[in-house]
Amino acid sequence: MLDTIDRALIHALQLDGRAPYSRIGEVLGVSTQTVARRFNRLRAEAGLRVIGLPDPQTAGRALWLVRLTATPQVAQDLAAALARRPDTSWIKFAAGGTEIVSIVNSTPTDGSALLLNDLPRTTGITSVSAQYLLHMYVGGPTAWRGRAKSLTSAQEAAFITTPTDRGPVKPLGDGDAKLLTALGEDGRATHADLAVRTGWSTATVARRLDELQRTGAIYFDVDVDPTALGFTTSAMLWLSVPPAHLDAVGRALAEHDELGFVAATTGRTNLVTQALCASPDALHTYLTERIGAIEHITAIETVPVLRTVKAAAPFSPSLVGLRT
């Protein structure tokens, strides 16, 4: 379990993934060395990572939520194969280990080779469903509230430097793809390291990175093991909501600390969430008392998540945009 300083550090990084250790220490009232030591320990023990990712709309990406069921003999190998692909992220084992949930990224030009070509030819898969992600209420640039509750309002303000209004942005190009590949591996890489990866000068790196952040073209996500925060029980919730009430229900769910992901999708179920709770009993209480109290949810399927095989993935350069 993490202490108050660990949690405050994670919260600070969620607000500004590239905040210097010195500024974090000043706001938290601890030394720079303490912040660096805590970060390195959390990286080693709790999987803490800061990752720079492009806004999907700016990068021209389409996101699909894919559910696969497979025979027990091939599920493990299939999940490992999917994790090695550059066009997948957030791969999870669910429903006793025979169901795999993943986000698949595609461009208008590639049409998602995974969905159209590769999966249909894979033996051992017993069913496939794919739902287009229409809108994310929680996830992507919008942080999970459950891990962003440790700072005071004044402390939060010290890390919120990016303007909320988004201005015009220069189209993402080959150089940006190299930059994002590097940030996908380490969102806190120095300007000097990023200059080596891109072939730019450090001044060019700093200027372009500032522009991409200022306009909202990229954002910084934080990966950390939820169990280190005390959330040991996770489940995917597949909800059906009448279209006229979909946005209102999605916005209401986005205010729930228990949900790390909320998205409107196409398909038979049109609202998908991931719940993270302290125990099975806490999940039961959440479903009956909070989800159950929301009007207009006509059906719900609860599928336990056993393990996350792959979280956010780095992007790779492409001649036709950016591929994850």
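The values are calculated or read from the model by the stated rules, or taken from the named source; none is laboratory data. Only a predicted model underlies this, so the values are computations on that prediction, with no experimental measurement involved. Note that each Cβ is placed from the backbone with ideal geometry, even for glycine, and that neighbours are counted across all protein chains shown. With ligands, DNA and RNA removed, areas are computed over all heavy atoms of the protein, side chains included. Shrake-Rupley method; radii C 1.70, N 1.55, O 1.52, S 1.80 Å.
For the reader, a short list of remarks on this structure follows.
- For region 24-40, the criterion of being closer than 24 Å to Lys92 by Cβ, among the aliphatic types (A, V, I, L, M) and at pLDDT 95 or above is satisfied by no residue at all.
- Pick from region 8-42, criterion touching a helix residue (DSSP H, G or I) at 6+ places or on another chain (Cβ under 7 Å) and of a type in the set (D, E, K, R), ranking: most open to solvent (accessible area, probe 1.4 Å): Arg38
- Complete set of residues in region 1-46 that are acidic (Asp, Glu) and under 13 Å from Val224 (Cα atoms): Asp6, Glu45
- Of the residues screened, Ala192 is one that is modelled with pLDDT of 85 or more, open to solvent by 40 Å² or more (accessible area, probe 1.4 Å) and aliphatic (A, V, I, L, M).
- Contact map, region 30-56: first residue without any contact (Cβ under 8 Å) to a residue 24 or more places away in the chain and closer than 25 Å to Ile218 by Cβ, second residue open to solvent by 80 Å² or more (accessible area, probe 1.4 Å) and part of a helix (DSSP H, G or I), Cβ cut-off under 7 Å, separation 6 or more or different chains; the map is empty.
So that you can scan it fast, the table gives a plain yes or no per residue for (1) crowded, with 16+ Cβ neighbours inside 10 Å; (2) in contact with a Lys or Arg (Cβ under 6 Å, 6 or more places away or on another chain); (3) in a strand (DSSP E or B):
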{"residue": "Leu63", "(1), (2), (3)": "yes, no, yes"}
{"residue": "Leu68", "(1), (2), (3)": "yes, no, yes"}
{"residue": "Leu78", "(1), (2), (3)": "yes, no, no"}
{"residue": "Lys92", "(1), (2), (3)": "yes, no, yes"}
{"residue": "Val101", "(1), (2), (3)": "yes, yes, yes"}
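- If the condition is being within 23 Å of the chain's Cα centre (by Cα), closer than 19 Å to Glu99 by Cβ and open to solvent by 40 Å² or more (accessible area, probe 1.4 Å), then region 246-286 contributes only Gly267.
- Hey, Glu211 under 30 Å from Ser150 (Cα atoms), charged (D, E, K, R), open to solvent by 20 Å² or more (accessible area, probe 1.4 Å) and in contact with a Cys (Cβ under 8 Å, 6 or more places away or on another chain) or not: no
- Picking from residues in region 307-324 that are at pLDDT 85 or above and surrounded by 14 or more Cβ atoms within 10 Å (Cβ to Cβ), the one that is nearest to Leu180 (Cα to Cα) is Ala311.
- Among the residues examined, Thr204 does not qualify as without any contact (Cβ under 8 Å) to a residue 60 or more places away in the chain, under 25 Å from Ile10 (Cα atoms), open to solvent by 20 Å² or more (accessible area, probe 1.4 Å) and among the hydroxyl-bearing types (Ser, Thr, Tyr).
- Any hit, region 35-48, residues being of a type in the set (A, V, I, L, M) and closer than 24 Å to Thr215 by Cβ: no
- Of all residues in region 272-315, exactly one satisfies the criterion of being within 13 Å of Glu258 (Cβ to Cβ) and touching a Pro at 6+ places or on another chain (Cβ under 7 Å), namely Leu276.
- Any chance Ala157 is among the aliphatic types (A, V, I, L, M), part of a helix (DSSP H, G or I) and open to solvent by 20 Å² or more (accessible area, probe 1.4 Å): yes
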